[in-house]
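Quick notes on the structure that follows.
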Amino acid sequence: MKIGLFYSFHAKKTAQTAKRIQEHFSSEELEPVNAETVTPEQFMSFNALILGVPTWFDGELPNYWDEFVPALEDLNLTGKKVAIYGAGDQKGYPENFVDGLGIMAQLIEQQGGTLVGFTSCEGYTYESSKAERGHQFCGLALDYENQASKNKQRIADWCDQLRSEFK
Ligand SMILES: Cc1cc2nc3c(=O)[nH]c(=O)nc-3n(C[C@H](O)[C@H](O)[C@H](O)COP(=O)(O)O)c2cc1C
């Protein structure tokens with residue numbers, strides 16, 4: 001199954017994460033797509049998708065994802081497995097930590113998609129997050145500002161998890 005890796009090619013941390021994710025898959029397995037110019041056709045051409053969604057503007061999606069939302073709301077994502085990673089800042093924005101991840105997750109489910117790649121909330125300190133589902137985040141939460149040293153392992157573990165969950 002070919003995986004589409006959607007992220008902004010001009011984002012900083014999100015693109016850095018994408019490069020790391022690419023190290024865990026071959027180019028036959030994973031195809032990068034620029035989220036800034038993504039079309040519904042590109043989105044629908046994969047049955048397994050990884051979305052890079054950082055949080056901006058006090059708990060909002062970045063502009064490039066926000067602009068895709070109207071098109072996304074017209075798609076039927078039944079049968080698609082979607083994993084989302086999101087960079088945030090738990091000290092700077094403790095009330096909105098990785099909210100963008102949660103906003104995108106809700107949209108994906110609303111359109112019939114199946115979320116994979118949930119991870120534990122343990123090891124993070126924040127007040128609230130839209131990405132929280134019980135004791136898990138509905139994707140991978142990364143914090144380059146405060147926990148940069150943990151990212152490499154978190155990404156590696158998540159890619160291992162996705163390998164089995166995308167099957
Ligand atoms: C203006 C601004 C607003 C932000 N708002 C949030 C936020 O609400 N929640 C959060 O977790 N992180 C927030 N962040 C932190 C970013 O999500 C974090 O720096 C992330 O790594 C950015 O990823 P990118 O460089 O790939 O866009 C904000 C950062 C800035 C500069």
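The values are calculated or read from the model by the stated rules, or taken from the named source; none is laboratory data. Since the structure is predicted, the reported quantities are computational estimates derived from the model, not experimental observations. Here the Cβ is made from the backbone with ideal geometry for all residues, glycine too, and neighbour counts use every protein chain on show. All accessible areas refer to the heavy atoms of the entire protein, side chains included, with ligands and DNA or RNA removed. Shrake-Rupley method; radii C 1.70, N 1.55, O 1.52, S 1.80 Å.
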Could you compute Rg(Cα) / (2.2 N^0.38 Å) for the chain, with N its residue count? 0.93
Explain nothing, just the number: dipole magnitude of the chain about its Cα centre with +1 on each Lys and Arg Cβ and -1 on each Asp and Glu Cβ, in debye rounded to the nearest 20. 580 debye
Rounded to the nearest percent, how much of the accessible area of the stretch 10-167 (1.4 Å probe, protein heavy atoms only) is carbon and sulfur? 46 percent
Using the structure shown, list the pairs from LYS19/LYS150; LYS80/LYS150; LYS12/LYS152; LYS91/LYS167; LYS2/LYS91 with a Cα-Cα distance above 27 Å, or answer none. LYS80/LYS150; LYS91/LYS167; LYS2/LYS91
When the helices in the chain are scored as -39500 (n - 2.57) per DSSP H run of 4 or longer and the sum is shared across all residues, what 222 nm value do you end up with, to the nearest 500 deg cm²/dmol? -10000 deg cm²/dmol
Under 5 Å, built H, 5+ apart or other chain: amide partners of ILE50: GLY4, LEU5, PHE6, ALA83
Taking the square root of 5 times each eigenvalue of the Cα gyration tensor, what semi-axes in Å does the equivalent ellipsoid of the stretch 1-99 have, largest first? 22, 17, 11
Note, GLY4: beta-carbon cut-off 15 Å, +1 each Lys/Arg, -1 each Asp/Glu, net -2
Rounded to the nearest Å, what's the spacing between the alpha carbon centres of the stretch 55-109 and the stretch 127-167? Just the number, please. 14 Å
In sequence order, what are the phi-derived ³J(HN,Hα) couplings for the stretch 149-159 according to the Karplus relation 6.51 cos²θ - 1.76 cosθ + 1.60 with θ = phi - 60°, rounded to whole Hz, with x for glycine and proline? 5, 8, 5, 4, 5, 4, 5, 4, 4, 5, 5
